[in-house]
Amino acid sequence: MSPKDSTVVEQGAFVVPDIPIKELLDAIPAHCFKRSAIRSGAYALWDFFVIGVIYKTATFLDTQIDPSIIALPHPALYPFARFALWSLYGFFTGLFATGLWVVAHECGHQAFSESKFINNTVGWILHSALGVPYHSWRITHAKHHASTGHLTQDQVFVPSTRSDLGLPPLDPKREDRLGARVTEEVKKELWEALGDSPIGAVIGSATYL
């Protein structure tokens, strides 16, 4: 295409509409704000049910991948078929496990039900099952939504510095950046940070045995 045949389109400046948050919220139907533990729980139970069905189906099909049951052109195809089967299992299970994560996520937003106790209990159970600390995530995630996209306050992008946490400057004689030398004080801080995680809860409970 020659320059003569090209078309130049003038693009006007985009003006960000100045719409108050309240006006946006008022435009959403009232029933969208109603929280129901029964409906929310049904979504979680459905995801668990489908994940169970997928697992039972995969284990059954795995038993069928056998020379005495099905004849494949080459013996090497049997392990390949099992690999393909369990790869599909992982993919489809991941889809519905993501659904569980969405329900758990909404618990952190207190959108699962009207009860804060139910929200935090279900959220903790689902998050723990998915290997994600609940309460520490809930707190930092709330800060993230309060300052989404903020260069210095958004929890997603900017980690806290030592000065932000009230810690003294790094002392190379006592510790290093890679953690090869860690003082007991730093170990205590690390344990307090990990104590809310599922693995931390398991290790912590084992210390009482």
- Item | Top-ranked residue in the stretch 111-166 [being free of Cβ contacts under 8 Å to residues at least 12 places away in the same chain, of a type in the set (Gly, Ala, Ser) and part of a loop (DSSP other than H, G, I, E, B); ranked as surrounded by the fewest Cβ atoms within 10 Å (Cβ to Cβ)] | Gly166
- Message: For the stretch 58-90, give me each residue that is modelled with pLDDT of 95 or more and hydroxyl-bearing (Ser, Thr, Tyr).
- Response: Thr59, Ser87, Tyr89
- Might you check whether a residue that is under 26 Å from Ala111 (Cα atoms) and surrounded by 13 or more Cβ atoms within 10 Å (Cβ to Cβ) occurs anywhere in the stretch 74-89? no
- Return the total of residues in the stretch 13-47 being farther than 20 Å from Gly99 by Cβ and in a loop (DSSP other than H, G, I, E, B). 12
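The values are calculated or read from the model by the stated rules, or taken from the named source; none is laboratory data. Here the structure is a predicted model, which means the values were calculated and not measured. Counting neighbours? That spans all protein chains shown, and the Cβs are built from the backbone with ideal geometry, glycine included.
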